[in-house]
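Here is the structure we will look at.
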Amino acid sequence: MQKIILASQSPRRKQLLEWAEVPFDIVVKETDESYPENVSLDEIAVHIARNKALAIKSTVDASMPILAADTIVVLESLIIGKPKDREDAVNILLSLSGKQHQVITGVVILHKEKEMAFAETTQVFFHELSRAQIEFYVDNYKPYDKAGAYAIQEWIGVVGIKNIHGDFYNVMGLPVSRVVQALQSL
């Protein structure tokens with residue numbers, strides 16, 4: 001497969017591309033993560049991913065595809081971002097406890113003058129979690145860089161998630177199988 005540019009600092013996206021044996025270089029630039037009002041949740045994730053890709057487009061080799069992604073967590077139509085601190089992380093996880101939420105990853109691939117864009121949604125169902133369980137997770141795993149204040153591949157995913165409907169790797173931050181299919185179609 002052709003080498004790509006990954007427009008993300010996410011260690012999970014890096015790991016997933018490594019597992020898929022996709023060769024890549026990482027190039028990132030700080031970008032605005034705001035989005036227009038009155039757009040769908042899928043469009044929000046894709047809009048932010050597109051901004052990440054466009055921010056680096058002029059700084060990289062034009063022959064290399066650029067892959068950017070953004071993941072949002074949605075509970076009852078409310079977007080849940082990354083926690084500000086310990087208390088916020090605990091409160092976010094308390095709000096997710098015993099409920100279903102969506103993890104939506106917007107993906108944008110730019111290659112020459114072409115753009116491929118899509119969003120992948122996974123439904124996640126949490127067991128009821130006690131405050132003690134949540135505090136244990138937050139104190140031991142420090143999920144401050146994660147939308148929704150958790151990582152499915154860590155302790156809380158192993159003991160706290162009842163089931164999922166959709167792509168497991170999407171919850172980690174990248175629907176890698178779909179991304180590989182898209183890259184192969186370029």
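No value in this document is a laboratory result; all are computed from the given coordinates. Everything numeric in this text was worked out from a predicted model, so none of it was measured. Virtual Cβ from ideal backbone geometry, glycine too; neighbours counted across all protein chains shown.
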Taking 7 Å along the Cα-to-C-beta vector as the label spot, tell me the Gln181-Ser97 distance in nanometres, rounded to one decimal.
3.8 nm
For Lys99, go through the aspartates and glutamates and keep the ones whose alpha-carbon is under 17 Å away, minus same-chain ones fewer than eight residues off.
Glu76, Glu128
Sequence-separation-based contact order of the chain, relative, with Cα cut under 8 Å and 6+ spacing, percent:
22 percent
Within a 10 angstrom radius of the beta carbon, how do Val39, Val22 rank from fewest other beta carbons to most?
Val39, Val22
Please state the charge dipole magnitude for the chain, taken about the Cα centre, from unit charges on C-beta atoms (+1 on K and R, -1 on D and E), reported in debye and rounded to the nearest 20.
300 debye
The chain, helix-only ellipticity at 222 nm - DSSP H runs n ≥ 4, -39,500 (n - 2.57), divided by all residues, nearest 500:
-10500 deg cm²/dmol
Partner lysines whose C-alpha sits under 30 Å from that of Lys112, ignoring same-chain residues fewer than 8 away, are Lys3, Lys14, Lys29, Lys52, Lys57
